[in-house]
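As structure tokens, the structure follows; a few thoughts come after it.
The values are calculated or read from the model by the stated rules, or taken from the named source; none is laboratory data. Everything numeric in this text was worked out from a predicted model, so none of it was measured. No Cβ is skipped: glycine too gets one built from the backbone with ideal geometry, and neighbour counts run over all protein chains shown. Just the protein is used for accessible areas: all its heavy atoms, side chains included, with ligands, DNA and RNA removed. Shrake-Rupley method; radii C 1.70, N 1.55, O 1.52, S 1.80 Å.
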Amino acid sequence: MTVLPVALRGVFAMAFAAAALPAIAADTLPITGAYGNAEGCKFHKDGTIDNDTLLLLTTDWVQSYGTGCDILQALPGKDGAFLISGICGFEGEETIAPRMMVITKVPDDPAALRIRDEEGTVWGDVKPCP
């Protein structure tokens with residue numbers, strides 16, 4: 001039986017852990033490009049904000065005027081809904097905090113998605129940005 005030196009054991013442990021990372025990263029929203037309201041799409045295109053109605057969704061980011069969240073995971077639910085978990089920062093605050101949101105299809109607009117926070121409050125509807 002061959003015994004690996006202690007230094008090599010750590011290398012193999014890190015390699016096995018790294019091999020698991022793609023499975024974690026695969027839990028993303030099944031959207032292409034950015035979705036936003038008019039202000040969100042404008043922000044995505046040129047980085048400017050004209051008012052506080054901004055709402056933007058990508059596979060790795062949710063942005064409103066006062067909150068920005070890195071999406072860590074998107075888990076599929078029933079009827080095409082997704083529970084997303086993320087780490088969010090808030091305007092005027094130095095802290096970050098974990099948050100969950102629900103992304104659903106909009107019943108009367110097949111191109112749109114609805115963003116709700118963890119309490120069920122609707123942030124708004126977003127459509128594919130041009």
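Of the residues that sit in segment 39-51 and are open to solvent by 80 Å² or more (accessible area, probe 1.4 Å) and farther than 19 Å from residue 101 by Cβ, which one is farthest from the chain's Cα centre (by Cα)?
50
Does segment 59-71 contain at least one residue that is touching a helix residue (DSSP H, G or I) at 6+ places or on another chain (Cβ under 7 Å), open to solvent by 40 Å² or more (accessible area, probe 1.4 Å) and farther than 14 Å from residue 126 by Cα?
Scanning segment 59-71 turns up no residue that is touching a helix residue (DSSP H, G or I) at 6+ places or on another chain (Cβ under 7 Å), open to solvent by 40 Å² or more (accessible area, probe 1.4 Å) and farther than 14 Å from residue 126 by Cα.
Kindly indicate whether any position in segment 102-118 is modelled with pLDDT of 95 or more, out of contact with any His (no Cβ under 9 Å at 6 or more places or on another chain), open to solvent by 50 Å² or more (accessible area, probe 1.4 Å) and farther than 27 Å from residue 130 by Cβ.
Among the residues of segment 102-118, not one is modelled with pLDDT of 95 or more, out of contact with any His (no Cβ under 9 Å at 6 or more places or on another chain), open to solvent by 50 Å² or more (accessible area, probe 1.4 Å) and farther than 27 Å from residue 130 by Cβ, which makes the answer no.
Considering (1) open to solvent by 50 Å² or more (accessible area, probe 1.4 Å); (2) over 12 Å from the mean Cα position of the chain (by Cα); (3) more than 20 Å from residue 125 (Cβ to Cβ), say which one residue 87 fails and leave the rest.
Only one criterion in (1) open to solvent by 50 Å² or more (accessible area, probe 1.4 Å); (2) over 12 Å from the mean Cα position of the chain (by Cα); (3) more than 20 Å from residue 125 (Cβ to Cβ) is unmet by residue 87, namely (2).
For residue 33, only one of the following conditions fails: (1) at positive phi; (2) surrounded by 15 or more Cβ atoms within 10 Å (Cβ to Cβ). What is its number?
It is condition (2) that residue 33 fails.
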